[in-house]
Amino acid sequence: MHYRKLGSTELEVSEIGYGAWGIGGTQWLGGRDDESQKALQRAFELGLNFIDTALAYGDGHSEKLVGQAVKSAPQRVYIATKIPPKNRIWPASPSTPISEVFPYEYIIESANESLRNLGTEQIDLLQYHVWDDAWIHTDEWRRGIEDLKKAGKARYFGVSISDHDPDSALEVVKSGLIDTVQVIYNIFDQTPEKNLFPLCLERKIGVLARVPLDEGGLTGTITEQTQFEPGEFREGYFRGDRKKEIVQHVEALKKDLGERSETLPQTALRFCISHPAVTTVIPGMRRISTVESSCAVSDLGKLDSNTLATLKRHAWNRNFYQ
Ligand SMILES: NC(=O)c1ccc[n+]([C@@H]2O[C@H](COP(=O)([O-])OP(=O)(O)OC[C@H]3O[C@@H](n4cnc5c(N)ncnc54)[C@H](OP(=O)(O)O)[C@@H]3O)[C@@H](O)[C@H]2O)c1
């Protein structure tokens with residue numbers, strides 16, 4: 001496992017991080033806590049030292065599992081978590097006043113709840129779970145960051161950027177108040193490369209690349225017959241003709257890539273760590289086998305320029321979250 005410095009922070013984090021949404025157990029179904037714990041321990045053995053969770057993932061369940069797991073890790077593991085929007089609306093809307101989303105008292109209470117779930121005194125990286133630059137000139141989100149840092153409850157702060165809208169957070173990156181951004185970045189959505197990544201490199205802001213496998217679309221395992229458990233988030237994400245579209249795009253991608261010694265999901269993760277602005281990529285991994293496959297990617301290293309040029313052609317502009 002290789003490590004990268006997280007922006008201007010003092011943290012050296014593994015290039016492969018752990019996305020802990022799936023283990024929360026309510027939006028993703030079919031996982032088991034004992035299996036998730038084993039997957040987390042295997043990831044630590046393989047050198048992974050960074051986890052992204054959120055209070056909203058299973059209403060604190062993911063945070064509790066993560067908090068327990070890191071206690072038996074062989075190395076210090078850094079945890080990033082998130083303050084959910086008070087109105088529980090994702091994504092943020094520029095027309096919603098921030099007072100409905102992140103009022104000051106709520107920010108502090110939410111951080112305290114995460115601290116209790118994680119069983120720790122300090123959160124390594126606390127993120128606003130939604131953001132819109134329309135709020136940049138308001139005061140409470142700034143005070144929240146400053147006071148939580150001053151109280152030692154949050155060491156670093158970041159924002160998680162709206163789905164497929166990387167330019168909605170350029171002003172907060174420039175504000176000097178945040179240390180990291182979290183953004184969708186994968187073979188299908190390459191839009192952060194245009195404005196966000198150059199700015200993050202210039203300002204030394206850490207980048208967490210999220211949804212690197214398009215919620216499973218880039219694993220190559222989805223077929224037109226795939227059924228998700230009723231009520232699971234992915235039932236909606238891959239509804240209607242979308243599975244068919246996924247199959248068409250993945251087939252074209254595989255054809256273009258030709259024979260490779262690694263799996264498609266491994267190529268997809270290598271794509272993410274090939275960009276110099278990306279600090280860590282955070283695939284969701286509920287099983288030991290996916291942990292082993294993903295963690296091996298760090299040693300495979302960056303993709304060559306020919307492969308990257310091929311992947312450029314497979315950018316796909318769409319939003320399945322809507
Ligand atoms: N708004 C936000 O802030 C936000 C939104 C979405 C996601 N996130 C963060 O980003 C993380 C990643 O996104 P995600 O979990 O939604 O989706 P994802 O990482 O794009 O896809 C997860 C799926 O890929 C599979 N997988 C992982 N590694 C694999 C490998 N090497 N080979 C084959 N399959 C593999 C997983 O399998 P198994 O789980 O079955 O092992 C799971 O089914 C989340 O966990 C969360 O931390 C944040």
Residue set Glu140, Glu113, Glu121; condition among the acidic types (Asp, Glu) and surrounded by fewer than 13 Cβ atoms within 10 Å (Cβ to Cβ); output residue Glu121
ask   = without any contact (Cβ under 8 Å) to a residue 40 or more places away in the chain and not in a loop (DSSP other than H, G, I, E, B): does that describe Gln37?
value = yes
Of the residues in segment 179-198, those that are of a type in the set (A, V, I, L, M, F, W, C) and over 17 Å from Thr280 (Cα atoms) number 1
request  = Answer with yes or no whether Ile16 is among the β-branched types (Val, Ile, Thr) and under 18 Å from the mean Cα position of the chain (by Cα).
outcome  = yes
Residues in segment 162-197 that are touching a Gly at 6+ places or on another chain (Cβ under 8 Å) and among the β-branched types (Val, Ile, Thr) total 3
With criteria (1) farther than 15 Å from Glu215 by Cα; (2) in contact (Cβ under 8 Å) with a residue 24 or more places away in the chain; (3) surrounded by fewer than 22 Cβ atoms within 10 Å (Cβ to Cβ), Asn306 comes up short on (2)
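Quick grid of which residues meet (1) closer than 23 Å to Leu269 by Cβ; (2) among the aliphatic types (A, V, I, L, M):
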site: Ala154; (1), (2): no, yes
site: Ser175; (1), (2): no, no
site: Gln190; (1), (2): yes, no
site: Arg203; (1), (2): no, no
site: Leu208; (1), (2): yes, yes
site: Val211; (1), (2): yes, yes
site: Gly217; (1), (2): yes, no
Condition set within 23 Å of Lys82 (Cβ to Cβ) and among the polar types (S, T, N, Q), scope segment 18-45, selection surrounded by the most Cβ atoms within 10 Å (Cβ to Cβ): answer is Ser36
Test result for Ile51, among the hydrophobic types (A, V, I, L, M, F, W, C), crowded, with 16+ Cβ neighbours inside 10 Å and in contact with a Lys or Arg (Cβ under 9 Å, 6 or more places away or on another chain): no
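Just to be sure before I move on: is Lys71 out of contact with any strand residue (DSSP E or B) (no Cβ under 7 Å at 6 or more places or on another chain) and either away from the ligand (no atom under 16 Å from the Cβ) or aromatic (Phe, Trp, Tyr) (or both) in the structure I sent?
Values: out of contact with any strand residue (DSSP E or B) (no Cβ under 7 Å at 6 or more places or on another chain): yes; either away from the ligand (no atom under 16 Å from the Cβ) or aromatic (Phe, Trp, Tyr) (or both): yes.
Yes; evaluated as a whole, the condition is true for this residue.
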* To do: Report yes if Ser62 is touching a residue at least 60 places away in the same chain (Cβ under 8 Å) and farther than 23 Å from Lys5 by Cα, otherwise no.
  => no
Say whether the condition of being touching a Phe, Trp or Tyr at 6+ places or on another chain (Cβ under 7 Å), free of Cβ contacts under 8 Å to residues at least 40 places away in the same chain and within 16 Å of the ligand (Cβ to nearest atom) is met by at least one residue in segment 141-162.
yes
If we keep only residues of segment 177-193 that are charged (D, E, K, R) and part of a loop (DSSP other than H, G, I, E, B), then the residue farthest from the ligand (Cβ to nearest atom) is Asp179
Screening Asp59, Asp124, Asp132, Asp52 for residues that are of a type in the set (Asp, Glu) and either touching a Gly at 6+ places or on another chain (Cβ under 6 Å) or modelled with pLDDT under 95 (or both) leaves only Asp52
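The values are calculated or read from the model by the stated rules, or taken from the named source; none is laboratory data. Being a predicted model, the structure only gives us computed values, none of them experimental. With ideal geometry, Cβ positions are generated from the backbone for all residues, glycine too; neighbour counts draw on all protein chains shown.
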